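What follows is a single structure, written as C-alpha coordinates, with notes after it.
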Amino acid sequence: MIRFPSGAGVKLALLGPAMAAIAGIGLLSIMDAVIKHASASHSTPQIAAMRYVCGTLIAFAVFRALRTPWPSRATLRPHMWRSLVVAATALSFFYALAVLPLAVVLALSFTAPIFIALFAALLLGERPDRTILVALVLGFAGVLVVLWHEVEGAGAGNAWGLAAALTSAVTYALSMVALKSRAAHDPLPTIVLLQNLLPAFIIVPLAVPVWTAPAPSELGTFLIIGALGTGGHLLMASAYKRADASRLGVFEYTAFIWAVGIGFFAFAEVPSMSTLAGAALIVGGALMASRRPSPVPEPEVEIGP
(Lines give C-alpha, C1' and ligand atoms only; values in the text may rest on other atoms or scores of the structure.)
Protein backbone atom coordinates (compact mmCIF):
# COMPACT_ATOMS: atom_id res chain seq x y z
CA MET A 1 0.00 0.00 0.00
CA ILE A 2 1.28 3.47 -0.90
CA ARG A 3 1.95 5.72 2.08
CA PHE A 4 1.46 9.40 1.39
CA PRO A 5 2.95 12.24 3.40
CA SER A 6 0.70 13.26 6.22
CA GLY A 7 -0.98 16.20 4.44
CA ALA A 8 -1.63 14.46 1.10
CA GLY A 9 -2.63 11.16 2.69
CA VAL A 10 -5.14 12.84 4.98
CA LYS A 11 -6.86 14.68 2.12
CA LEU A 12 -6.93 11.72 -0.25
CA ALA A 13 -8.23 9.28 2.35
CA LEU A 14 -11.73 10.76 2.36
CA LEU A 15 -11.86 12.33 -1.11
CA GLY A 16 -13.09 9.20 -2.90
CA PRO A 17 -15.75 8.22 -0.33
CA ALA A 18 -16.92 11.84 -0.02
CA MET A 19 -17.37 12.26 -3.77
CA ALA A 20 -19.15 8.90 -3.99
CA ALA A 21 -21.48 9.86 -1.14
CA ILE A 22 -22.29 13.27 -2.66
CA ALA A 23 -22.97 11.73 -6.09
CA GLY A 24 -25.09 8.98 -4.54
CA ILE A 25 -27.12 11.51 -2.57
CA GLY A 26 -27.57 13.48 -5.78
CA LEU A 27 -29.09 10.49 -7.59
CA LEU A 28 -31.34 9.74 -4.63
CA SER A 29 -32.42 13.40 -4.51
CA ILE A 30 -33.48 13.25 -8.16
CA MET A 31 -35.32 10.02 -7.36
CA ASP A 32 -37.19 11.80 -4.55
CA ALA A 33 -38.40 14.46 -6.98
CA VAL A 34 -39.66 11.81 -9.42
CA ILE A 35 -41.39 9.95 -6.56
CA LYS A 36 -43.08 13.18 -5.48
CA HIS A 37 -44.46 13.48 -9.01
CA ALA A 38 -45.65 9.85 -9.08
CA SER A 39 -47.41 10.14 -5.69
CA ALA A 40 -50.15 12.22 -7.29
CA SER A 41 -51.42 9.13 -9.12
CA HIS A 42 -50.49 6.12 -6.98
CA SER A 43 -50.45 5.03 -3.33
CA THR A 44 -47.33 4.96 -1.22
CA PRO A 45 -47.10 1.12 -1.02
CA GLN A 46 -47.46 0.80 -4.80
CA ILE A 47 -44.76 3.41 -5.51
CA ALA A 48 -42.43 1.73 -3.02
CA ALA A 49 -43.15 -1.71 -4.49
CA MET A 50 -42.53 -0.58 -8.07
CA ARG A 51 -39.39 1.26 -6.99
CA TYR A 52 -37.87 -1.89 -5.47
CA VAL A 53 -39.10 -4.30 -8.16
CA CYS A 54 -37.61 -2.13 -10.90
CA GLY A 55 -34.52 -1.59 -8.77
CA THR A 56 -34.14 -5.35 -8.38
CA LEU A 57 -34.18 -5.86 -12.16
CA ILE A 58 -31.47 -3.25 -12.67
CA ALA A 59 -29.39 -4.38 -9.69
CA PHE A 60 -29.58 -8.00 -10.89
CA ALA A 61 -28.32 -6.95 -14.33
CA VAL A 62 -25.34 -5.25 -12.69
CA PHE A 63 -24.81 -8.25 -10.39
CA ARG A 64 -24.64 -10.69 -13.31
CA ALA A 65 -22.64 -8.37 -15.59
CA LEU A 66 -19.90 -8.17 -12.95
CA ARG A 67 -20.06 -11.96 -12.38
CA THR A 68 -20.48 -11.51 -8.67
CA PRO A 69 -20.62 -14.78 -6.70
CA TRP A 70 -24.01 -15.79 -5.33
CA PRO A 71 -24.42 -14.79 -1.67
CA SER A 72 -24.21 -17.49 0.96
CA ARG A 73 -26.85 -18.18 3.60
CA ALA A 74 -24.63 -16.51 6.19
CA THR A 75 -24.56 -13.38 4.02
CA LEU A 76 -28.34 -13.33 3.63
CA ARG A 77 -29.08 -13.32 7.36
CA PRO A 78 -27.89 -9.79 8.24
CA HIS A 79 -29.31 -8.42 5.00
CA MET A 80 -32.74 -9.83 5.85
CA TRP A 81 -32.66 -7.80 9.06
CA ARG A 82 -31.51 -4.68 7.23
CA SER A 83 -34.25 -5.08 4.59
CA LEU A 84 -36.87 -4.53 7.30
CA VAL A 85 -35.30 -1.19 8.14
CA VAL A 86 -34.96 -0.26 4.45
CA ALA A 87 -38.64 -1.09 3.83
CA ALA A 88 -39.72 1.00 6.83
CA THR A 89 -37.60 3.90 5.60
CA ALA A 90 -39.07 3.76 2.10
CA LEU A 91 -42.70 3.55 3.22
CA SER A 92 -42.43 6.34 5.77
CA PHE A 93 -40.37 8.66 3.53
CA PHE A 94 -42.52 8.13 0.44
CA TYR A 95 -45.66 8.80 2.50
CA ALA A 96 -44.13 12.03 3.80
CA LEU A 97 -43.29 13.07 0.23
CA ALA A 98 -46.91 12.48 -0.77
CA VAL A 99 -48.55 14.59 1.96
CA LEU A 100 -45.98 17.29 2.83
CA PRO A 101 -44.13 19.93 0.82
CA LEU A 102 -40.81 18.63 -0.46
CA ALA A 103 -38.89 21.33 1.43
CA VAL A 104 -40.40 20.25 4.76
CA VAL A 105 -39.63 16.58 4.14
CA LEU A 106 -36.04 17.43 3.28
CA ALA A 107 -35.69 19.62 6.36
CA LEU A 108 -36.79 16.81 8.67
CA SER A 109 -34.73 14.21 6.82
CA PHE A 110 -31.60 16.25 7.51
CA THR A 111 -31.73 15.06 11.10
CA ALA A 112 -30.48 11.69 9.78
CA PRO A 113 -26.73 12.54 10.05
CA ILE A 114 -27.16 13.17 13.78
CA PHE A 115 -28.74 9.75 14.20
CA ILE A 116 -26.04 8.19 11.99
CA ALA A 117 -23.33 9.54 14.29
CA LEU A 118 -25.22 8.33 17.37
CA PHE A 119 -25.90 4.85 15.99
CA ALA A 120 -22.33 4.54 14.71
CA ALA A 121 -21.05 5.26 18.22
CA LEU A 122 -23.52 2.90 19.88
CA LEU A 123 -23.41 -0.01 17.45
CA LEU A 124 -20.06 0.15 15.64
CA GLY A 125 -17.90 1.60 18.37
CA GLU A 126 -16.95 4.62 16.25
CA ARG A 127 -15.88 7.67 18.21
CA PRO A 128 -16.74 10.83 16.26
CA ASP A 129 -14.33 13.57 17.28
CA ARG A 130 -15.18 17.18 18.07
CA THR A 131 -14.68 18.22 14.43
CA ILE A 132 -17.43 15.85 13.29
CA LEU A 133 -19.83 17.02 15.99
CA VAL A 134 -19.23 20.67 15.12
CA ALA A 135 -19.70 19.88 11.42
CA LEU A 136 -23.02 18.19 12.15
CA VAL A 137 -24.25 21.19 14.12
CA LEU A 138 -23.03 23.61 11.44
CA GLY A 139 -24.76 21.69 8.67
CA PHE A 140 -27.99 21.42 10.60
CA ALA A 141 -27.87 25.15 11.38
CA GLY A 142 -27.65 25.79 7.64
CA VAL A 143 -30.78 23.72 7.09
CA LEU A 144 -32.63 25.69 9.77
CA VAL A 145 -31.59 29.02 8.24
CA VAL A 146 -33.12 28.00 4.92
CA LEU A 147 -36.16 26.00 6.00
CA TRP A 148 -37.19 27.35 9.41
CA HIS A 149 -40.40 29.01 8.17
CA GLU A 150 -41.42 25.97 6.10
CA VAL A 151 -41.09 23.65 9.09
CA GLU A 152 -42.88 26.10 11.37
CA GLY A 153 -45.73 26.52 8.90
CA ALA A 154 -46.18 22.77 8.49
CA GLY A 155 -46.23 22.15 12.24
CA ALA A 156 -50.00 22.51 12.45
CA GLY A 157 -50.59 20.52 9.27
CA ASN A 158 -50.30 16.83 8.63
CA ALA A 159 -49.07 15.36 11.89
CA TRP A 160 -48.82 11.90 10.42
CA GLY A 161 -46.66 13.22 7.59
CA LEU A 162 -44.33 14.96 10.03
CA ALA A 163 -44.09 11.81 12.14
CA ALA A 164 -43.39 9.74 9.02
CA ALA A 165 -40.60 12.10 7.92
CA LEU A 166 -38.92 11.94 11.32
CA THR A 167 -39.36 8.16 11.46
CA SER A 168 -37.71 7.81 8.06
CA ALA A 169 -34.73 9.85 9.28
CA VAL A 170 -34.20 7.47 12.22
CA THR A 171 -34.63 4.27 10.18
CA TYR A 172 -32.50 5.64 7.34
CA ALA A 173 -29.69 6.36 9.78
CA LEU A 174 -29.96 2.85 11.21
CA SER A 175 -29.88 1.36 7.69
CA MET A 176 -26.74 3.34 6.82
CA VAL A 177 -24.97 2.14 9.97
CA ALA A 178 -26.06 -1.41 9.19
CA LEU A 179 -24.71 -0.88 5.68
CA LYS A 180 -21.36 0.10 7.16
CA SER A 181 -21.30 -3.13 9.17
CA ARG A 182 -21.69 -5.19 5.97
CA ALA A 183 -19.78 -3.04 3.46
CA ALA A 184 -16.43 -4.31 4.72
CA HIS A 185 -17.47 -7.93 4.09
CA ASP A 186 -19.78 -8.17 1.04
CA PRO A 187 -19.28 -7.19 -2.62
CA LEU A 188 -21.06 -3.96 -3.55
CA PRO A 189 -23.27 -5.59 -6.24
CA THR A 190 -24.44 -8.13 -3.64
CA ILE A 191 -25.30 -5.41 -1.13
CA VAL A 192 -27.32 -3.39 -3.64
CA LEU A 193 -29.09 -6.42 -5.12
CA LEU A 194 -30.22 -7.61 -1.68
CA GLN A 195 -31.12 -4.04 -0.70
CA ASN A 196 -33.62 -4.03 -3.57
CA LEU A 197 -34.77 -7.66 -3.66
CA LEU A 198 -35.49 -8.28 0.01
CA PRO A 199 -37.50 -5.07 0.66
CA ALA A 200 -39.50 -5.87 -2.49
CA PHE A 201 -40.67 -9.13 -0.90
CA ILE A 202 -41.82 -7.15 2.15
CA ILE A 203 -43.53 -4.27 0.36
CA VAL A 204 -45.23 -5.97 -2.62
CA PRO A 205 -47.88 -7.75 -0.47
CA LEU A 206 -48.73 -4.37 1.09
CA ALA A 207 -49.22 -2.85 -2.35
CA VAL A 208 -51.63 -5.47 -3.71
CA PRO A 209 -54.79 -4.21 -1.90
CA VAL A 210 -54.26 -0.62 -3.12
CA TRP A 211 -52.87 -1.41 -6.57
CA THR A 212 -53.90 0.72 -9.57
CA ALA A 213 -52.76 -0.16 -13.07
CA PRO A 214 -50.01 2.24 -14.20
CA ALA A 215 -50.15 3.73 -17.67
CA PRO A 216 -47.44 2.61 -20.13
CA SER A 217 -45.67 5.96 -19.74
CA GLU A 218 -45.65 5.54 -15.97
CA LEU A 219 -43.79 2.24 -16.30
CA GLY A 220 -40.91 4.24 -17.71
CA THR A 221 -41.12 6.54 -14.71
CA PHE A 222 -40.86 3.61 -12.31
CA LEU A 223 -37.88 2.23 -14.23
CA ILE A 224 -36.18 5.62 -13.89
CA ILE A 225 -36.91 5.58 -10.15
CA GLY A 226 -35.42 2.08 -9.89
CA ALA A 227 -32.33 3.06 -11.87
CA LEU A 228 -31.74 6.19 -9.79
CA GLY A 229 -32.18 4.24 -6.55
CA THR A 230 -29.84 1.45 -7.65
CA GLY A 231 -27.16 3.86 -8.86
CA GLY A 232 -27.45 5.96 -5.72
CA HIS A 233 -27.14 3.00 -3.41
CA LEU A 234 -24.16 1.59 -5.32
CA LEU A 235 -22.35 4.87 -4.75
CA MET A 236 -23.43 5.06 -1.10
CA ALA A 237 -22.31 1.47 -0.45
CA SER A 238 -18.96 2.29 -2.05
CA ALA A 239 -18.56 5.33 0.21
CA TYR A 240 -19.54 3.54 3.43
CA LYS A 241 -17.18 0.69 2.57
CA ARG A 242 -14.21 3.07 2.77
CA ALA A 243 -15.01 5.61 5.49
CA ASP A 244 -16.62 5.96 8.92
CA ALA A 245 -20.41 6.26 8.98
CA SER A 246 -20.23 9.19 11.42
CA ARG A 247 -17.90 11.11 9.08
CA LEU A 248 -19.99 10.50 5.95
CA GLY A 249 -23.28 11.33 7.65
CA VAL A 250 -22.75 15.09 7.35
CA PHE A 251 -22.75 14.81 3.56
CA GLU A 252 -26.48 14.02 3.76
CA TYR A 253 -26.90 17.80 4.05
CA THR A 254 -25.73 18.19 0.46
CA ALA A 255 -29.13 16.85 -0.60
CA PHE A 256 -30.38 20.39 -0.19
CA ILE A 257 -27.71 21.63 -2.59
CA TRP A 258 -28.94 19.08 -5.10
CA ALA A 259 -32.53 20.18 -4.46
CA VAL A 260 -31.61 23.81 -5.23
CA GLY A 261 -29.90 22.73 -8.46
CA ILE A 262 -32.85 20.58 -9.54
CA GLY A 263 -35.26 23.42 -8.77
CA PHE A 264 -33.20 25.93 -10.76
CA PHE A 265 -32.60 23.86 -13.89
CA ALA A 266 -35.90 21.94 -13.98
CA PHE A 267 -38.32 24.56 -12.65
CA ALA A 268 -36.45 27.89 -13.11
CA GLU A 269 -36.49 28.52 -9.34
CA VAL A 270 -33.92 31.12 -8.28
CA PRO A 271 -32.58 30.59 -4.73
CA SER A 272 -33.04 33.43 -2.22
CA MET A 273 -30.28 35.01 -0.13
CA SER A 274 -31.33 32.91 2.88
CA THR A 275 -31.06 29.81 0.72
CA LEU A 276 -27.53 30.78 -0.33
CA ALA A 277 -26.56 31.57 3.29
CA GLY A 278 -27.84 28.22 4.49
CA ALA A 279 -26.12 26.44 1.63
CA ALA A 280 -22.84 28.08 2.66
CA LEU A 281 -23.22 26.64 6.16
CA ILE A 282 -24.05 23.21 4.75
CA VAL A 283 -21.02 23.23 2.46
CA GLY A 284 -18.87 24.45 5.36
CA GLY A 285 -19.98 21.52 7.48
CA ALA A 286 -19.26 19.07 4.67
CA LEU A 287 -15.79 20.53 4.11
CA MET A 288 -15.06 20.39 7.84
CA ALA A 289 -16.08 16.74 7.94
CA SER A 290 -13.68 15.93 5.11
CA ARG A 291 -10.64 17.06 7.09
CA ARG A 292 -8.40 14.82 9.19
CA PRO A 293 -10.04 11.43 8.67
CA SER A 294 -9.34 8.81 11.27
CA PRO A 295 -8.24 5.31 10.25
CA VAL A 296 -11.12 3.14 9.05
CA PRO A 297 -11.35 -0.09 11.04
CA GLU A 298 -12.84 -3.27 9.72
CA PRO A 299 -16.01 -3.65 11.82
CA GLU A 300 -16.63 -7.15 13.03
CA VAL A 301 -19.89 -6.37 14.77
CA GLU A 302 -23.10 -7.69 13.32
CA ILE A 303 -26.21 -5.53 13.59
CA GLY A 304 -29.53 -7.27 13.99
CA PRO A 305 -30.80 -10.55 15.35
Per residue, how many Å² of accessible area does region 172-231 show with a 1.4 Å probe? 37 Å²
With every protein chain in place, the accessible area of Y95 for a 1.4 Å probe, in Å² rounded to the nearest 10, comes to 80 Å²
So with the 1.4 Å probe, I'd like the accessible area per residue for region 76-131, rounded to whole Å². 40 Å²
Under 1.5 on a/c is rounded, so check that first for region 190-230, then, if it is not, pick prolate when a/b is larger than b/c and oblate when it is not; a ≥ b ≥ c are the square roots of the alpha carbon gyration tensor eigenvalues. oblate
Stretch gain in nm, segment F265-E218, where the contour uses 0.36 nm per residue and the Cα spacing is subtracted: 14.7 nm
Separation of the A40 and T68 label points, Cα + 7 Å toward Cβ, nm: 3.5 nm
Run the quick spin-label model on A121 and L76: label points 7 Å from Cα toward the beta carbon, then report their separation in nm to one decimal. 3.8 nm
Here the FRET efficiency for A159 versus L84, based on Cβ atoms and R0 = 22 Å and rounded to 0.05, is 0.35
Given a 1.4 Å probe and the protein chains all in place, what does the accessible area of M19 round to, in Å² to the nearest 10? 110 Å²
Residue-wise, which Karplus ³J(HN,Hα) couplings in Hz belong to region 134-142, taking 6.51 cos²θ - 1.76 cosθ + 1.60, θ = phi - 60°, and x for glycine or proline? 5, 5, 4, 5, 5, x, 5, 4, x
Please report, as a whole percent, how much of the solvent-accessible surface of region 75-133 comes from carbon and sulfur atoms (probe radius 1.4 Å). 73 percent
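The values are calculated or read from the model by the stated rules, or taken from the named source; none is laboratory data. These numbers were taken from a predicted model, which means no experiment stands behind them. Quick reminder, even Gly has a Cβ in these numbers, built from the backbone with ideal geometry, and neighbours come from all protein chains shown. When the accessible area is computed, the model is the full protein with side chains, heavy atoms only, and any ligands, DNA or RNA have been set aside. Shrake-Rupley method; radii C 1.70, N 1.55, O 1.52, S 1.80 Å.
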